[in-house]
Amino acid sequence: MKSRVSSVFLVLLALTCLELARAADRPLLTIDDWFNWVYTSHLALSPDGRSLVIATERPDWDKEIFRDDLWLYRDQNPPVAPILLTQSERDSFPEWSPDGRWIAFLSGRKKLSGEKDADKDSEIQQLYVISANGGEAFAVTTGEDRVHAFAWSSDSRTLYFATRTPWSKAENEAYEKQWKDTEEYRESERGDVIFSIALEEALRRRAGEGARAGDEKEAESGKTPGAISIASTPFRVYGMAVSPDGARLVFGTEPISQRQEDMGDYELYLLDLKAAGARTPIQLTHNQALETELRWAPDTSHVFFRVTRGSVEGAYEDVQDRVYWLDVGKGKTERWAGDFGGAIEDYAVLPDGTLIFVGLLGTQMQLYTQATPASRSVQLSGWPGSYEKLAASRDTSRFAFVHSALQKPTEAFLAESAGKLAQARAATNFNQFLAERELPRGKPYRWTSTDGTPVEGMLTYPPGRFEAKNLPMFVLIHGGPEEANGEYWEGDWYRWGPLAATQGWLVFEPNYRGSAGYGDKFMKAIQPEIVSAPGKDILSGVDALVRDGIADPNRLTIGGYSYGGYMTNWLITQTTRFKAAVTGAGAVENASDWGNDDTTFDDAFFLGGRPWEVPKRYQDEAALFQMDKVRTPTHIVTGSDDIRVAVSQNYLLEHALHSLGIPSKLLIFPGEDHDLSENPWHGKIKIREELNWLQKYCPLTPAEVPAAAGAKP
């Protein structure tokens, strides 16, 4: 027995030495590496499945912007890297024409000062088209209003698009004269018009064949010359799709202001494209759900959609994301993948009508298929980690996706069929430089909460210290709350666990009650204790890690953003064990948060009512009224234009801490809303300063900070 134990010890020692040697061979991940990650925002696969358009977002540090570019990948032998298709830095949402000859996309290439629009961007997003063979893109639409959504006709001859109801030059001037720079909060809002425009007309204008009679008058009216108005709606159009037979168009609506105040603003409508003149939209849905991602089934009778908030079946409730289809003739809605216990994060429809979807279950996002609503979901045999951004081919079994894991940074891939997922070929190598770094390893961690509920999360270890003991720990709390931490790569300011691990921290990311991927009951279990219930899950997880000897009880820190910031603000009122906290865009007082938030439904649902209906609960579940218990030095960040969690919440937190003499610091990023998407320097400064704050109030020793390759100890 003694000899066997010794052998096991020697094997473990050898493996540890091997890991340390490997770590010394590769440079460590730096903050510069981390923020040069290329994010794939959208994929569009050609009808024949052999060409892929990839929309990316990446930082341009000199211009202080995020570039939105389109790349074209052609599947050929030998493989060739994607080529840059557009160069305006503001191109997104590419869609192939059904004949495969053209690619339409949205682009914010023109700027106007003082634009009065519900959209905060100063750029006017217009519809462009480019040949699949490359060349110069050309504008299909013009005017003073952004294009909100578009779709190709089934014969590729027409483009449909939606904009806010255009105002003529005279109407705009009269409004400016009356109101100057005053904003009418609701009264100035107006709905959308859906237009059609022939591709031939756009090509004629591109060729410079001269003005058409009436062009000047149309331009004066504020609409795109040559565009024909086919329908109007009092709402904003967020998405549309044309049936495969070209006979019908379905579109989805949302509030003009994009404030979630009435679920009746979110519905699906149908237009008969064969009718002459203006069409009256036919309302297809009457529910309490937010429908999105509209796609026609090949049978031309059904429309698929995903629900990301609310309920199709009854009264409003927040449950995991689901997929349905609607028989547009009979008005019958059926749920797909009802047997799947997790959340459906994305989906596509294959040419034979099979549903392929990304299913979040625990810490993995895997691919599944389902042949009919009544059949069982089947998990495809693929790779561990996370799949996302599905794109199916119209005419073949091919499909594209994005995949990542903790040690496999994000890239796009192309698969021949669902049965050959594991043999998918890489279409990009945008993040290969990250794969050449010494990346941290991680694994799921499970514990039991105070009331016996099983809970799971992720542990990410410093490079070279996988499964080490007694480590300084950073608790990083995800937002949502209907999100989850898992086996994926996301190199940004929001989910930055691997970067923190590279600095020497054991990173604990708990999937507390309220998280997706563990069933609807688990997700709804925070009602009406919106912070106190998940807070117990998080603290019991910290206790378990200390008890297991994994985390050092004397060096614990905590942080999060959005709902993660909300939870951080609460937890520092419940315990003094955290040496430092870093929080961002988190609420501290529920009534004003409900009033300023653009998504008020979830607040009222989880708290059990509006502020005047359950006032005690709004106070009991708010950190502000327990601030006298805080002893943790706290770093705070916020965007100056945030309305998801109003900047006033962060001023309130800082003022409370300052008045109590608790070390604190508030950073306000100008021009940023909730997602800090305007200037890449803001996210980088956020993480730089948060790491400095953790080190200041819970310092790591030089021996605990992983050494870069070639560096002297």
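Every read-out reported here was derived from the displayed coordinates using simple, explicitly stated rules and does not represent laboratory data. This is a predicted model, so every value here is computed, not measured. Cβ coordinates were reconstructed from backbone atoms using ideal geometry, including for glycine residues, and neighbour counts include every protein chain displayed.
Things worth noting here:
- Using alpha-carbon coordinates, inclination of helix 2-25 to the longest axis of the chain, degrees: 50 degrees
- Using a cutoff of 8 angstrom between alpha carbon atoms and counting only pairs six or more residues apart, the relative contact order for the chain works out to 10 percent.
- Share of Cα-Cα pairs in region 57-103 lying beyond 13 Å, as whole percent: 66 percent
- Region 130-169 and region 606-685: distance between their alpha carbon centers, rounded to Å: 40 Å
- Between 455, 541, 527, the Cα set farthest toward the positive side of the dipole of region 440-704 (charges on each charged residue's Cβ, about the Cα centre) is that of 541.
- Residues residue 422 and residue 176, FRET efficiency given R0 of 56 Å [Cβ-Cβ distance, rounded to 0.05]: 0.40
- Across the chain, counting alpha-carbon atoms alone, Rg and Dmax equal 26.4, 96 Å.
- Protection-proxy order for peptides 157-169, 604-616, each taking the mean of Cβ atoms within 10 Å per residue, highest first: 157-169, 604-616
- 222 nm mean residue ellipticity, helices alone, for the chain (DSSP H n ≥ 4; -39,500 (n - 2.57); rounded to 500): -6000 deg cm²/dmol
- Ordering of 302-308, 446-452 by packing is 302-308, 446-452, highest average first (other Cβ atoms within 10 Å, averaged per residue).
- Two-decimal ratio, region 425-584, of alpha-carbon radius of gyration to 2.2 N^0.38 Å: 1.02
- Shape summary of region 285-385, radius of gyration then Dmax from alpha carbon positions: 13.3, 41 Å.
- Hydrodynamic radius by Kirkwood, which averages 1/r over all alpha carbon pairs of region 440-704, in angstrom: 18.3 Å
- Using equal-weight Cα scatterers in the Debye expression, the normalised intensity of region 204-358 in log10 at q = 0.09, 0.17, 0.21 Å⁻¹ is -0.37, -1.02, -1.36.
- Karplus-derived 3J(HN,Hα), 6.51/-1.76/1.60, for each residue of region 322-329, Hz, glycine and proline x: 10, 10, 10, 10, 10, 6, 5, x
- Protection proxy ranking of 375-383, 181-189 - average other beta-carbon atoms within 10 Å, highest first: 375-383, 181-189
- In summary, region 491-580 shows an alpha-carbon radius of gyration equal to 1.11 times the 2.2 N^0.38 Å reference for compact globular proteins.
- Residues residue 660 and residue 316, FRET efficiency given R0 of 22 Å [Cβ-Cβ distance, rounded to 0.05]: 0.05
- Relative contact order computed over region 440-704 (Cα-Cα under 8 Å; 6+ residues apart), in percent: 17 percent
- Based on the convex hull around the alpha carbon atoms, region 563-697 presents an average projected area of 7.7 nm².
- Per residue, the convex hull spanned by the Cα atoms of region 133-184 amounts to 131 cubic angstrom.
- Ranking 671, 695, 618 by Cα position along the charge dipole of region 601-713, where only Lys, Arg, Asp and Glu carry charges on their C-beta atoms, puts 695 farthest toward the positive end.
- Distance from the alpha carbon centroid of region 296-370 to that of region 46-116 works out to 27 angstrom.
- The calculated FRET efficiency for residue 261 paired with residue 169, based on their beta-carbon distance and R0 = 30 Å, is about 0.40.
- Computed about the Cα centre, the dipole magnitude for the chain is approximately 2140 debye when only Lys and Arg (+1) and Asp and Glu (-1) carry charge, each at its Cβ.
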